[in-house]
Amino acid sequence: MNRMAWLLLTAALAFSALPDIAHAETAFTYQGRLSTAGTAAQGSYDFQFRLFDAETAGTAVGSLQSASAVVVSGGVFSVSLDFGDGPFNSAPRWLEIEVREAGGASYTTLAPRQRIGASPFAIETMFVAPGAVDTAALQDDAVTRAKLADNSVGTFQIENNTVTSTDIRDGTIATADIGPGIYRSKADLYEVSGTGMTLLTNPQSETVGCFDPNDLPISGGCRVGLSAAYVATSVTDNHWTSTTDAASVTCNGINVHPSNPSLNPVPLQAYIICVSVPGP
């Protein structure tokens, strides 16, 4: 078979419009013109297509695409190629074509390779590299809530201090929009009280704590009975910033009646007020 010459007519990318498909189609239609010995080819031919990263030599990119028994009429042929999205990463690409008569023994490599135009590179719009688009590249209101897929933006995509109160429109965030553990209400407030103690001659202490290490301590202290003038108290708090131990309050007291503490008992009770917070 004589060496064949060919001319690229069009290379177009066909996008899918189906609403339930997450990505656009990566297939595109390639149309070319094939001639042999200066005459437009006519008949059935087998083709092989490869992508390369250079016009000559270079390295093959992506998989081999084959098309068998393609009808060539008046020298014109058309095939559908799909190299996937991997090869199209903004680097230039060239298409190498091999051809033979249908069922022939060997392929002839056509030259030169054809530069792939901009259309197939539209595949790149489906895959934006991290950091490829910064705030300077976005016009005001270019990205709206309707253009963001559910759960597409998480806390790891938002840098510290990038969203302030002035960036949030009044009424846009309701209680239902905030996950558990961030927003708490009065219903989550609870108190832990000790059984109490009766102070006589000797000092005593009582400790109470929140139910869970995740719960937030709000306040705590000692409740003294009617004879408050006859008692000295002190309060010690522990683990209020710990992430592994529950916050607690220890109430220490001693009866200071000037004449006879044993005949003038004073009731004393420790308490702590906490906010229930679900664990991680």
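The values are calculated or read from the model by the stated rules, or taken from the named source; none is laboratory data. The structure presented is a predicted model; accordingly, all values stated were derived computationally and were not measured. As a convention, Cβ positions derive from the backbone with ideal geometry for all residues, glycine included, and neighbour counts pool all protein chains shown. Note: areas computed on protein heavy atoms with side chains; ligands, DNA, RNA excluded. Shrake-Rupley method; radii C 1.70, N 1.55, O 1.52, S 1.80 Å.
What is the calculated FRET efficiency for THR144 to THR108, with r their C-beta to C-beta distance and R₀ = 41 Å, to the nearest 0.05?
Details: r = 53 Å, r/R0 = 1.30.
Efficiency for this residue pair is about 0.15.
Please list 205-218, 58-71 highest first by mean number of surrounding beta-carbon atoms within 10 Å per residue.
205-218, 58-71
Under the Karplus relation 6.51 cos²θ - 1.76 cosθ + 1.60, θ = phi - 60°, what is the ordered set of whole-Hz ³J(HN,Hα) values for the stretch 225-239, x standing for Gly and Pro?
x, 4, 8, 4, 6, 10, 9, 10, 10, 8, 10, 10, 10, 9, 6
What Kirkwood radius, in Å to one decimal, follows from the Cα pairs of the stretch 196-280?
13.6 Å
According to a simple spin-label model (label point 7 Å from Cα along Cα-to-Cβ), what is the distance in nm between ASP53 and ASN161?
Those two pseudo-labels are separated by 4.0 nm.
Quick one: order TYR107, TYR190 from most to least accessible surface, probe 1.4 Å.
Working: TYR107 65, TYR190 40 Å².
Largest accessible area first, the list is TYR107, TYR190.
Order TYR30, TYR271, most accessible first, counting only protein heavy atoms with a 1.4 angstrom probe. Walk me through the numbers on the way to the answer.
Details: TYR30 5, TYR271 45 Å².
Of TYR30, TYR271, the descending order of accessible area is TYR271, TYR30.
Between GLU101 and ASN151, 0.36 nm times their residue separation minus their Cα-Cα distance comes to what?
Length difference between fully extended and current span is 12.7 nm.
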